[in-house]
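Colleague: I am attaching a structure below and will ask some questions about it afterwards.
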Amino acid sequence: MYATLYYFISAGLLATLIYLCRPVTTTYQSTSPFQTNTLFLTVALLLLILTRIPSIGYNRELNVDESQLLAQAITLQQDPIYGRSVDGTSIGPINTYLLLIPSALGLPLDYTSARLTALLLIASSLLLFYFSVLRLTTPFIGRISFLPVLLFFSWTTEPNFLHYSSELSSLVILTASFSLALGVLRQNTPPSVAGLAGLGVLAGLTVYCKLQTLPIVGMILFTLTLYLWSIQRWKVLKSLFVITAGFLVLNIAVFGQAYWFETEDYFIDYYFVGNLTTYAQIYAHVPLVSQSFIAKLARFPAFLVHYADFLIFIVFNCCLVITATLLAERFQWRFKTSSPWVDLLTTLTILGALWAVVTPGTEFGHHLLLLVFPLSWGLALAIHKLMQSIPDPLIRQSVITTLIGLYILEVILTDNLLLAYGRQLMTRPIKATIKPTKSESTQDWLISSNPYLFSFPAKLVLPLSPVSQVIRRLTLPLDKIAVWGWNCQYYVETGLAQGVRENHTQRSIIPNRMRNAYLNRYAHDLVMNRPVVFVDAVGKASLILTKPQYRHEQFATINRIIQQNYSLVTSIKQVRIYVRQDRLHLFSQKVAINPLRSQIN
């Protein structure tokens, strides 16, 4: 019933959006309330909210980064100083602090609240993108360009694009920066001090969202510098001073509080130096990481094939329209309007995003989110140029109609439920001769096509794994725990804060130039914070840290602390749970299992 209602309302909202994308042909239409940006964006946001509700209500981990961020947010509730209580490794501090918003509103820190935060960030990015496109072109073409981006975020069922990821906060910064830069390029008067300072502040915020996005913001600022030099010459130094001042003010504020709370070593040694120098070492097991940029770029198309939503809605549409625009130029249709600075800004932003996504070589799907808006700006600019180059209004209308028809086809091609129905119809027998099995009668094929939709709202409650159930029985609400290995779900399921700054120990285990520093800090945190429970998750439940040589016993400093202060309580599917010895007697009656000091399952 819910699925039927979901598709019925979604189709209605999509049809309304397409209707609102009609070109304005009369004075009455231009003043009609049905042509306002407010109505168009309201319908667009309603469609986004409706289509994301199933994944929001799917209160399960979709990506390990979600659990890492939630564990950090849970810890910051007790000690809000980043670097003293948590280390997000390559994930910037802003991403964790944003998760405190739903907590402040009384929501539990679980996957549902994380995806509500993701929805807020996506909606903000879409709004900023739309208004930036209005600085590129007309409202009519702006809406046509906006649709594929909206449909991508609305229709995707790919976990990499549904979970709360560290890229999402950067998208807000990038769309705001691009919009401000366009404002400077489009105005005939000297840029305002407030606008330039705002760009500097946004560039500073990027540093603490995701270091990976710096090349994109760098390209935006580089283009803006060239433009200001072309119109101001040496007066450009004043503008650059204002941008730099905005950047420095934010960083001075960050490092001011860092020195106050004595966490400056975290930002310098771990966040900046550590991330920039150890990333390739901790992912040395990924062959592509150590290869050249050209080799990574050559591999990129094969990587894209695994993400049909992104490939169809974003890459295909952008490439198609740009190709059509180049063909229009070949046919010598004249471009009536052209801004080389806007062209340069869009091109360099796309190149910066491509560099940011391809260079790591780890091929994480959620990195592709950094390309969504740069490619979509390219799409908007290409549609604008194409429409301006076609002299015949009937041909222009045919092109727009074709584009909208293409969007509808793409919705069908990327909808797993519709595709599942199609496959079922094509493969069903002409005449049933065998009685359907139980799995067939319950239509598992249908549920697997969109598990979020068909499980809603049954999975709104976060379940406790067997490991988390034992941890809950061994702890009190304000206790802390430490997990060795890589399984941050235990923090989220129990709602308990981290007793160590690293909630996963990749950098303490995998050989890298800073491994000893991470190990020493981990040992220091164990001694100082004295977490009640220590969990060695190395094994099948520990993502990539599965080998026996990764267990805590292999690291003398950590092993000595555990042997002296903790007792093994039980082992569940290779996950070993230890409790602090001074707490063991308090729970001897509560836990119906005897301490095991040497037996390891």
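The values are calculated or read from the model by the stated rules, or taken from the named source; none is laboratory data. Computed from a predicted model, the values in this text were never measured in an experiment. Cβ atoms come from the backbone with ideal geometry, glycine included; neighbour counts cover every protein chain shown. Calculation scope for accessible area: heavy atoms of the full protein, side chains included, ligands and nucleic acids excluded. Shrake-Rupley method; radii C 1.70, N 1.55, O 1.52, S 1.80 Å.
Colleague: Out of the residues in region 552-573 that are within 33 Å of the chain's Cα centre (by Cα) and over 14 Å from Leu519 (Cβ atoms), which is modelled with the highest pLDDT?
Modeller: Ile572
Colleague: Looking at Ile282, Ile243, Ile268, Ile312, which one is out of contact with any Pro (no Cβ under 6 Å at 6 or more places or on another chain), within 23 Å of Ile91 (Cα to Cα), among the β-branched types (Val, Ile, Thr) and crowded, with 17+ Cβ neighbours inside 10 Å? Lay out the reasoning, then the answer.
Modeller: Numbers: Ile243 fails: within 23 Å of Ile91 (Cα to Cα); Ile268 fails: crowded, with 17+ Cβ neighbours inside 10 Å; Ile312 fails: within 23 Å of Ile91 (Cα to Cα).
Exactly one residue qualifies, and that residue is Ile282.
Colleague: Additional query: Looking only at region 448-499, filter to residues that are of a type in the set (Phe, Trp, Tyr) and more than 20 Å from Ser113 (Cβ to Cβ); which one of those is surrounded by the most Cβ atoms within 10 Å (Cβ to Cβ)?
Modeller: Applying the first criterion (of a type in the set (Phe, Trp, Tyr)) to region 448-499 yields 452, 454, 456, 484, 486, 490-491.
Okay, now just the ones that are also more than 20 Å from Ser113 (Cβ to Cβ), so 454, 484, 486.
On the way: Phe454: 16, Trp484: 28, Trp486: 22.
Among residues in region 448-499 that are of a type in the set (Phe, Trp, Tyr) and more than 20 Å from Ser113 (Cβ to Cβ), the one surrounded by the most Cβ atoms within 10 Å (Cβ to Cβ) is Trp484.
Colleague: Let me ask something additional. When you scan region 258-369 for helices (runs of 4 or more DSSP H) that lie fully inside it, which ones turn up with 3 or more residues that are touching a residue at least 12 places away in the same chain (Cβ under 8 Å) and more than 19 Å from Leu211 (Cβ to Cβ)? Let's see the steps before the verdict.
Modeller: Numbers: elements: 275-282, 293-304, 317-330, 340-358.
Result: 293-304, 317-330, 340-358.
Colleague: Answer yes or no: is there a residue in region 160-169 that is modelled with pLDDT of 95 or more and under 21 Å from Ala253 (Cα atoms).
Modeller: The answer is yes, given that some residue of region 160-169 is modelled with pLDDT of 95 or more and under 21 Å from Ala253 (Cα atoms).
Colleague: Can you find, within region 482-516, the residue that is nearest to Ala556 (Cα to Cα) among those that are of a type in the set (A, V, I, L, M), touching an Asp or Glu at 6+ places or on another chain (Cβ under 7 Å) and touching a residue at least 60 places away in the same chain (Cβ under 8 Å)? Before the answer, list the steps.
Modeller: Just the residues of region 482-516 that are of a type in the set (A, V, I, L, M), to begin with: 482-483, 492, 496-497, 500, 509-510, 514.
If we keep only those that are touching an Asp or Glu at 6+ places or on another chain (Cβ under 7 Å) as well, we get 492, 496, 500.
Then drop every residue that is not touching a residue at least 60 places away in the same chain (Cβ under 8 Å), which leaves 492, 496.
On the way: Val492: 29, Leu496: 27 Å.
Of everything passing the filter in region 482-516, Leu496 is nearest to Ala556 (Cα to Cα).
Colleague: Take the residues in region 59-88 that are of a type in the set (Ser, Thr, Tyr) and part of a loop (DSSP other than H, G, I, E, B), then tell me which one is nearest to the chain's Cα centre (by Cα). Even if it seems obvious, please write down each step before you answer.
Modeller: We begin by selecting, within region 59-88, every residue of a type in the set (Ser, Thr, Tyr); these are 67, 75, 82, 85.
Next, only the ones that are part of a loop (DSSP other than H, G, I, E, B) stay: 82, 85.
Working: Tyr82: 20, Ser85: 23 Å.
The extreme case among them is Tyr82.
Colleague: Also, quick follow-up: Identify, please: which residue in region 383-407 is free of Cβ contacts under 8 Å to residues at least 24 places away in the same chain and among the hydrophobic types (A, V, I, L, M, F, W, C) and is, among those, nearest to Phe316 (Cα to Cα)?
Modeller: Ile395
Colleague: Tally up the residues in region 182-223 that are over 14 Å from Arg135 (Cβ atoms) and either hydrophobic (A, V, I, L, M, F, W, C) or in a helix (DSSP H, G or I) (or both), please.
Modeller: Number of matching residues: 27.
Colleague: Same structure again: Considering only region 516-542, state which residues are farther than 23 Å from Arg583 by Cβ, open to solvent by 70 Å² or more (accessible area, probe 1.4 Å) and assigned to a helix (DSSP H, G or I).
Modeller: Scanning region 516-542 gives Asn516, Asn520.
Colleague: Can Thr546 be described as over 21 Å from Val286 (Cβ atoms) and of a type in the set (Ser, Thr, Tyr)? Can you show your working first?
Modeller: Values: over 21 Å from Val286 (Cβ atoms): no; of a type in the set (Ser, Thr, Tyr): yes.
No.
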